[in-house]
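What follows is a set of notes on a single structure, which appears directly below.
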Amino acid sequence: MREFLDIALSFPPIVFTFGLVLVVLYWITVIVGALDVDMFDLGGDADAELDAGGSFWSAFGFGAVPFTVVASLWITLGWIVTVLGTTWVRSSDEVFIPAAASGIALLVAGIGVGMLGAKLLARPLSKLFADPPVTTHRGLVGKMCVVRTGTVTTDSGQAELTEEDGKVHLINIRRSVHEPPGIQDELFSRHSKLVIFDYDEAEKIFLVVPASLPPDLETADS
């Protein structure tokens, strides 16, 4: 154990040992829920994208994986390479390279192998961190919702909409001012099922009609 600590605290492993301690402390805080995995995400936004497309971080081929995950892999792999390399150099009687030169060579190897390994591991991991498809307001048009307020008028109303994947939306809904006459207010009462037929971009509201119309109105429409 003492020999292992001596190697871990020597050059070049000490460079990665310090980082590895920070990595372990960071992931402990993530496990207990004190931090988010992507709190140090360097993915950037549209204004920070490179001319070739993509963010500065993804330009290195790390895709959608948060910076903290890639950095953790990079540091861990670099630490393993430098520790194993230092152990081999110290135990080998056939190595006649000066300690400073071998240390720098191992440091470069640790950085390079760590980056390459992190890049290879980031590819399958990127699927775990991919953002789910975003539902647009227009994407909800045509779907059915359930009234959650006492009633729905041309001025007020809310409804709950549940998508196929289980995602629930609480949306603001209104009756259309161009609604045909003869539709009873009871069709817009609490727990009634309505269908979204349009979205008003200016007012940020969904326009709805009853999921089922009275027989006389259906006949009139046909």
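Structure above, values below:
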| read-out | value |
| --- | --- |
| Scope region 162-178; condition among the small types (Gly, Ala, Ser) and surrounded by 10 or more Cβ atoms within 10 Å (Cβ to Cβ); matching residues | Ser176 |
| Any strands (runs of 3 or more DSSP E) falling wholly within region 112-182 and containing at least 3 residues that are touching a Ser or Thr at 6+ places or on another chain (Cβ under 8 Å) | 168-175 |
| Identity of the residue in region 1-34, free of Cβ contacts under 8 Å to residues at least 24 places away in the same chain and either touching a strand residue (DSSP E or B) at 6+ places or on another chain (Cβ under 6 Å) or not in a helix (DSSP H, G or I) (or both), that ends up surrounded by the fewest Cβ atoms within 10 Å (Cβ to Cβ) | Met1 |
| Options Gly157, Gly150, Gly139; residue that is modelled with pLDDT under 90 and either closer than 28 Å to Phe197 by Cα or within 20 Å of the chain's Cα centre (by Cα) (or both) | Gly139 |
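The values are calculated or read from the model by the stated rules, or taken from the named source; none is laboratory data. As the structure is a prediction and not an experimental result, all values here were calculated from the model. Note: ideal-geometry Cβ built from the backbone for every residue, glycine included; neighbour counts use all protein chains shown.
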